[in-house]
1. Taking the stated definitions as given, is VAL48 under 19 Å from GLY9 (Cβ atoms), touching a residue at least 60 places away in the same chain (Cβ under 8 Å), in contact with a helix residue (DSSP H, G or I) (Cβ under 7 Å, 6 or more places away or on another chain) and open to solvent by less than 60 Å² (accessible area, probe 1.4 Å)?
2. Can you tell me how many residues within the stretch 51-78 are open to solvent by less than 70 Å² (accessible area, probe 1.4 Å) and within 18 Å of VAL12 (Cα to Cα)?
3. Looking at SER62, SER52, SER17, SER21 in this structure, which one is among the hydroxyl-bearing types (Ser, Thr, Tyr), closer than 16 Å to GLY108 by Cα and modelled with pLDDT of 95 or more?
4. Tell me yes or no: at least one residue of the stretch 53-66 is under 15 Å from ARG19 (Cα atoms) and of a type in the set (S, T, N, Q).
5. How many residues, within the stretch 1-40, are more than 14 Å from ILE69 (Cα to Cα), in contact (Cβ under 8 Å) with a residue 24 or more places away in the chain and not in a strand (DSSP E or B)?
6. Is it true that SER106 is part of a strand (DSSP E or B), surrounded by fewer than 17 Cβ atoms within 10 Å (Cβ to Cβ) and under 13 Å from the mean Cα position of the chain (by Cα)?
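The values are calculated or read from the model by the stated rules, or taken from the named source; none is laboratory data. Source: prediction; values computed, not measured. With ideal geometry, Cβ positions are generated from the backbone for all residues, glycine too; neighbour counts draw on all protein chains shown. Only protein heavy atoms, including side chains, enter the accessible area calculation; ligands, DNA and RNA are left aside. Shrake-Rupley method; radii C 1.70, N 1.55, O 1.52, S 1.80 Å.
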Amino acid sequence: QVQLVESGGGLVQAGGSLRLSCAASGDIFRINIMGWYRQAPGKQRELVAIMSPGGIPVYADSVKGRFTISRDNFKNTVSLQMNSLNPEDTAVYYCYSNFMGTLRASWGQGTQVTVSS
């Protein structure tokens, strides 16, 4: 089992920046994809950005050019640099990982990001 612990998030004005970080612990040897999802009030959870073990990123169209995902396979961490934030980015952000050879996935507890206009 893998535990994901997020840090970062908070309140920022529109146009500002925040950085989210996530550290994995436990059965880390099978970790495959790592990344971030978010869920705004009344909406479904959606993909923000994910990254393969080889460093290939995938971004939601809504964040392309503004958010940057990075990953450290040695430290088992994944980060999300969020720039040019707007109120539509307000959501709970969840760290995510899946595992080689299985359909299982792990989620962090979530961290709130609030962007004021």
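1. Answer is no for this residue.
2. Of the stretch 51-78, the ones open to solvent by less than 70 Å² (accessible area, probe 1.4 Å) are 51-53, 55, 57, 59-60, 62-63, 66-67, 69-72, 76-78.
The next check asks that each one be within 18 Å of VAL12 (Cα to Cα); those that pass are 63, 66-67.
Residues meeting the conditions: 3.
3. On the way: SER62 fails: closer than 16 Å to GLY108 by Cα; SER52 fails: closer than 16 Å to GLY108 by Cα; SER17 fails: closer than 16 Å to GLY108 by Cα.
From the options SER62, SER52, SER17, SER21, the qualifying one is SER21.
4. No, that holds for no residue.
5. 9
6. Numbers: part of a strand (DSSP E or B): yes; surrounded by fewer than 17 Cβ atoms within 10 Å (Cβ to Cβ): no; under 13 Å from the mean Cα position of the chain (by Cα): yes.
Here the answer is no, as SER106 does not meet what is asked.
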